[in-house]
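What follows is one structure encoded as structure tokens, with my remarks underneath.
The values are calculated or read from the model by the stated rules, or taken from the named source; none is laboratory data. From a predicted model like this one, the values you see are computed outputs, not experimental measurements. Here the Cβ is made from the backbone with ideal geometry for all residues, glycine too, and neighbour counts use every protein chain on show.
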Ligand SMILES: [Zn+2]
């Protein structure tokens, strides 16, 4: 093996290792913020598994499931079900949007500053 090949392999390892660290360091979400038509509907703790039925605009129903520190839309009565196809989200800043119903689900870390602003 040539010296140049070794350097290439090491640098590749470093780059992939760096990417790995970055993804691990990304904050795990702590809470799910659910908005309907731009207004905050409620905040849910991702550590508490539960199913939430949300009625959005036009009477569209989204069944949202919280489990394993994540959240996803299990079923919805909206036309295209983009929200269902979005799958599960669990990391800070990730979101699911149900456009027809105007439902927005955003995961935020509890370590962020936004959490304190919510009065329960
Ligand atoms: Zn939808």
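Quick one: is residue 93 surrounded by fewer than 15 Cβ atoms within 10 Å (Cβ to Cβ) and within 15 Å of the ligand (Cβ to nearest atom)?
no
Surrounded by 14 or more Cβ atoms within 10 Å (Cβ to Cβ), under 16 Å from residue 31 (Cα atoms) and within 12 Å of the ligand (Cβ to nearest atom), is that true of residue 46? Talk me through it step by step, then tell me what you get.
Values: surrounded by 14 or more Cβ atoms within 10 Å (Cβ to Cβ): yes; under 16 Å from residue 31 (Cα atoms): yes; within 12 Å of the ligand (Cβ to nearest atom): no.
It is false that residue 46 is surrounded by 14 or more Cβ atoms within 10 Å (Cβ to Cβ), under 16 Å from residue 31 (Cα atoms) and within 12 Å of the ligand (Cβ to nearest atom).
Given the conditions (1) surrounded by 12 or more Cβ atoms within 10 Å (Cβ to Cβ); (2) in contact with a strand residue (DSSP E or B) (Cβ under 6 Å, 6 or more places away or on another chain), which single one is not true for residue 51?
Only one criterion in (1) surrounded by 12 or more Cβ atoms within 10 Å (Cβ to Cβ); (2) in contact with a strand residue (DSSP E or B) (Cβ under 6 Å, 6 or more places away or on another chain) is unmet by residue 51, namely (1).
Any idea which residue in the stretch 103-120 is modelled with the lowest pLDDT, counting only those that are under 17 Å from the mean Cα position of the chain (by Cα) and assigned to a loop (DSSP other than H, G, I, E, B)? Even if it seems obvious, please write down each step before you answer.
Let us first name the residues in the stretch 103-120 that are under 17 Å from the mean Cα position of the chain (by Cα), namely 103-112, 114-115.
Keeping just the survivors that are assigned to a loop (DSSP other than H, G, I, E, B) gives 109-112.
Values: 109: 91, 110: 79, 111: 71, 112: 52.
Looking at residues that are under 17 Å from the mean Cα position of the chain (by Cα) and assigned to a loop (DSSP other than H, G, I, E, B), I get 112.
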